[in-house]
Amino acid sequence: MSHITQKRALVVIDVQNDYFADGLPIEYPPVSRTLPNVGRAMDAARAAGIPVVVVQNTARPGAPVFDKGRPGWELNEVVASRPRDHYIEKNLPSVFAGTDFNDWLQRNGIDTISVIGYMTHNCDASTVFEAAHLGYHVEFLNDATGSLSYENSAGYVTAEEIHLVFSVVFQSRFAAVASTEEWIAAVREGATLQIDNPYASNQRARARAKVAA
């Protein structure tokens, strides 16, 4: 961490009931860990005067998940019961797509966004990548986020593999990856979480492979 204080916003992405039921159940990290950390991050942000943006995804009517008005679409009580400074309803993965998010960030002088919520590889990733391309410093709390497993014509991958790969890729170029505890400490200290780079990340991996050989 460095001690260059930035103006953060905590972005709470799609913490909706479909992720905790039969719709799209988050598998890794377990929600017994990530959901309390969502609440902890929101509380820490409120205590530090960091604005909280709550995001809710809406799918087309009749969709199997996130059909507006159905119980699965509703925000989980951990988020719904806590105060927020801005609310965004979106229809696409990125919080930036078709919303007022970027305008709101600019109006409020925000230069750093801290991402929590679901899913790591979908709405979180889309938001992280777009934020980085727009010039924001991005933080990703990897124990207040999560993934599920996939199988399709390209193959099969576990939730843990997806979450780990995206976390490592984020840290290599796009977002500072940290635990909720590390993020709270950085907030308290007025510190900035640091991002790595692709070259250094690759050099370490190559060195590890040489040792293993």
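Just so you know, all these numbers are worked out from the coordinates, no wet-lab data involved. Source: prediction; values computed, not measured. Using ideal geometry, Cβ is built from the backbone for each residue, glycine included, and neighbour counts are taken over all protein chains shown.
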* To do: Quick one: which residue in Leu193, Leu141, Leu134 is crowded, with 24+ Cβ neighbours inside 10 Å and either over 22 Å from Glu27 (Cα atoms) or of a type in the set (S, T, N, Q) (or both)?
  => Leu193
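Can you work out which of the residues in region 144-164 that are of a type in the set (A, V, I, L, M) and surrounded by fewer than 24 Cβ atoms within 10 Å (Cβ to Cβ) is farthest from Val31 (Cα to Cα)?
Applying the first criterion (of a type in the set (A, V, I, L, M)) to region 144-164 yields 144, 148, 154, 157, 159, 162, 164.
Now restrict to residues that are surrounded by fewer than 24 Cβ atoms within 10 Å (Cβ to Cβ): 148, 154, 157, 159, 162, 164.
Details: Leu148: 11, Ala154: 27, Val157: 19, Ala159: 12, Ile162: 16, Leu164: 16 Å.
Filtering region 144-164 for residues that are of a type in the set (A, V, I, L, M) and surrounded by fewer than 24 Cβ atoms within 10 Å (Cβ to Cβ), the one farthest from Val31 (Cα to Cα) comes out as Ala154.
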* Could you list, in sequence order, all residues of region 124-147 that are farther than 15 Å from Asp111 by Cβ and in a loop (DSSP other than H, G, I, E, B)? => none
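Got a sec? Which strands (runs of 3 or more DSSP E) wholly within region 1-109 have at least 2 residues that are touching a residue at least 12 places away in the same chain (Cβ under 8 Å), more than 15 Å from the chain's Cα centre (by Cα) and surrounded by fewer than 20 Cβ atoms within 10 Å (Cβ to Cβ)? Spell out the reasoning first.
Values: elements: 8-13, 52-57, 86-90.
Here the list reads 86-90.
Would you point out which residue out of Val115, Val165 is among the β-branched types (Val, Ile, Thr) and under 13 Å from the mean Cα position of the chain (by Cα)?
Val115
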